[in-house]
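Participant: This is the structure I have questions about; it appears just below.
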Amino acid sequence: MESGTQAFQQRSLSVKLWPPSHGTRLMLVERMTKNLTTPSIFSRKYGLLSNEEAEEDAKKIEELAFAAADQHYKKEPDGDGSSAVQVYAKESSRLMLEAIKRGPTVKDEEIADKTSIHETVFDISGGRRAFIDAEEAEEILKPLREPGNSYTKICFSNRSFGLDAANVAAPLLSSVKKQLTEIDLSDFIAGRPESEALEVMNLFSSVLEGCQLRYLNLSNNALGEKGVRAFGALLKSQNNLEELYLINDGISEEAAQAVSELIPSTEKLKVLQFHNNMTGDEGAIAISDIVKRSHALEDFRCSSTRVGTDGGVALAEALKTCTRLKKLDLRDNMFGVGAGVALSKALSLFAGLTEVYLSYLNLEDDGAEALANALKESAPSLEVLDMAGNDITAKGTASLAACIASKQFLSKLNLAENELKDEGAILIGKSLGEGHGQLNEVDMSTNAIRRAGARLLAQVVVKIPGFKLLNINGNFISDEGIDEIKELFKSSPDMLGSLEDNDPEGEDYEDEDEDEENAEEGNELESKLKDLKIEQGE
């Protein structure tokens, strides 16, 4: 017993978090590349990097961050490497922000145009998230006082305006409102008492009334109906909106009705996003009235909004008028089979659809089959198909497989957390066998898949040039099956996701109290890096 304890202690002490594995370093490069090429408030200001330039920058950033962290580690070699990991992540984030602010490389003849674009954006979101008082408002809003400024876009996100600061901002906004085309007021009243927040919103709304905007973002303000109506003057004056964002705004049934009432025209609306609200069925019916009038809609997001079958059917009917739709995100609602079948009739009309997110909608086999059959006959350029968490069994997989087989441009497939088992996994694997050269990610985790299904999936995707990640974690693959799969990926191990939650005995269980001393080497490192974001520091 004593010798066993000593062996365990020696093994525990030998686990170090530094240096990271080659796979972990590649993972960080990939995630930074994605960050650098994802549209954001930074890219709106500094320009969006190309994939090639972002990947090159990400590799250089990782090398510099690694060198800094490794130097730090060498000064304290007896440590477990956790402080080096922190340096690695922090330095990566700092250098990534520098790359974003540097912007894409431009040719000499493009420099003048690039400079003029920068001068049109007034953005105070990069500072620390904090209250702004009148004195600070006077200072940071100074550029708006400059005569002849050419600002067309303003972003006050991430800074909380009280009434005193709003009174400073109001005349300045009034002086430039005729030239504004884009306004971002997301998260600009955080922490303020409701009465003061409503006064601030009313003030901003009244001074900005009459702006001819193409882009308006009011997200993360806990608006509710009162907040929506506080912006009534601004909303009522909008006839040319192309993008409207009301994310995480407490949009209830009444608030959704208020939005529908106040916006006079959505004929030019291309992007409409309502993610993470408490809209419910009645609210979804109000939103469907907006959608019905938005014939130019290309990107519609109504995810995590507590919409049930009735609301789902209403949205599906309204979407039939949106034949230009390219991206549809209805994840995490309570549609059920009925709304899924109704939605399938709309999907058949979307020839240009490239991304569809329909996970966690309680679709079951019948709903999934109806949607798959509709997609098979439409959306020839579909790139992303997400139908995770819908209780789909092997019975409903045949239609899905036929649909997938027809999508030659598919790059990402997510069927996680269903009940496909081996039979379904084999059908899906065979559907990916030929003509899917664009495919780079497949998620079939938590599907009660065993050795045969997992092996076939691995055999198929490992042959696809450029493939990046197969996730088959959380299944029931035998130890022998795991060995076979790892052998298939021996020349490209980074393409195979973690298998730490696989249960070879086929038992469903959840390890709630994982023993940290038994954690695999690198787990803590990857957890620290997986959500790496650009820090909005100085």
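The values are calculated or read from the model by the stated rules, or taken from the named source; none is laboratory data. Because the structure is a prediction, the values reported are computed rather than measured. For neighbour counting, all protein chains shown are included, and Cβ atoms are generated from backbone atoms with ideal geometry for every residue, glycine included. Heavy atoms of the whole protein, side chains included, go into the accessibility calculation; ligands, DNA and RNA do not. Shrake-Rupley method; radii C 1.70, N 1.55, O 1.52, S 1.80 Å.
Participant: Report whether or not GLY79 is among the small types (Gly, Ala, Ser), outside any helix (DSSP H, G or I) and modelled with pLDDT under 80.
Facilitator: Considered against the rule, which asks whether it is among the small types (Gly, Ala, Ser), outside any helix (DSSP H, G or I) and modelled with pLDDT under 80, GLY79 comes out as yes.
Participant: Identify the residue in region 292-312 that is among the acidic types (Asp, Glu) and open to solvent by less than 60 Å² (accessible area, probe 1.4 Å) and, among all such residues, is farthest from GLU253 (Cα to Cα).
Facilitator: Here the residue is GLU298.
Participant: Something else about it: What pairs come up if the first residue lies in region 60-84 and is farther than 24 Å from GLU30 by Cβ, the second is among the basic types (Lys, Arg), and their beta carbons are under 6 Å apart, counting only those six or more places apart or on different chains?
Facilitator: From residues that are farther than 24 Å from GLU30 by Cβ, the pairs are ASP80/LYS16.
Participant: Let me ask you something else. Within region 394-416, can you find the residues that are in contact with a strand residue (DSSP E or B) (Cβ under 9 Å, 6 or more places away or on another chain) and open to solvent by 40 Å² or more (accessible area, probe 1.4 Å)?
Facilitator: LYS412 - this is the single residue of region 394-416 that is in contact with a strand residue (DSSP E or B) (Cβ under 9 Å, 6 or more places away or on another chain) and open to solvent by 40 Å² or more (accessible area, probe 1.4 Å).
Participant: In region 347-367, how many residues are of a type in the set (Ser, Thr, Tyr), open to solvent by 40 Å² or more (accessible area, probe 1.4 Å) and under 20 Å from THR393 (Cα atoms)?
Facilitator: 1
Participant: Here is a further query. State whether the residues of region 321-342 include one that is of a type in the set (Ser, Thr, Tyr) and within 22 Å of ASN390 (Cβ to Cβ).
Facilitator: no
Participant: Let me ask something additional. Just the residues that are surrounded by fewer than 20 Cβ atoms within 10 Å (Cβ to Cβ) and aliphatic (A, V, I, L, M), please, taken from region 208-237.
Facilitator: Result: ALA222, ALA233.
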